[in-house]
1. State yes or no: is residue 79 part of a helix (DSSP H, G or I), more than 30 Å from residue 3 (Cα to Cα) and under 23 Å from the mean Cα position of the chain (by Cα)?
2. Looking only at region 30-50, which residues are in a helix (DSSP H, G or I) and under 16 Å from residue 16 (Cα atoms)?
3. Take residue 74 and tell me if it is at pLDDT 90 or above, more than 46 Å from the chain's Cα centre (by Cα) and surrounded by 10 or more Cβ atoms within 10 Å (Cβ to Cβ).
């Protein structure tokens, strides 16, 4: 219902209905000029379109909610991984600081100090 093809066919059908009932079948038209039967069909079509639009909107909302839930889960997993990597990075920085301290202590001690 939401395509240009549907709109085109719908307009052609409306024009054909009006042409057939107005010009060709003036004496024996099954739906004379005020087109009461066509109006009934259009009212039913409008009712169906409303329901279909609501169904489509609910489906789109459900899809959006599922995608948001998936994004949240992915973000939470990523946060956990980032926290784990930051903890590893802190440990590595602490080890590097200890190594620097040891190198500084070693470079400040005399050459033969304490070794036998």
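1. For residue 79, the condition - part of a helix (DSSP H, G or I), more than 30 Å from residue 3 (Cα to Cα) and under 23 Å from the mean Cα position of the chain (by Cα) - is met.
2. The initial filter retains those residues of region 30-50 that are in a helix (DSSP H, G or I), namely 36-50.
Those that are in a helix (DSSP H, G or I) and under 16 Å from residue 16 (Cα atoms): 36, 37, 38, 39, 41, 42.
3. On the way: at pLDDT 90 or above: yes; more than 46 Å from the chain's Cα centre (by Cα): no; surrounded by 10 or more Cβ atoms within 10 Å (Cβ to Cβ): yes.
Spelling it out, it is not the case that residue 74 is at pLDDT 90 or above, more than 46 Å from the chain's Cα centre (by Cα) and surrounded by 10 or more Cβ atoms within 10 Å (Cβ to Cβ).
The values are calculated or read from the model by the stated rules, or taken from the named source; none is laboratory data. Everything numeric here is computed off the predicted structure, so don't read it as measured data. As a convention, Cβ positions derive from the backbone with ideal geometry for all residues, glycine included, and neighbour counts pool all protein chains shown.
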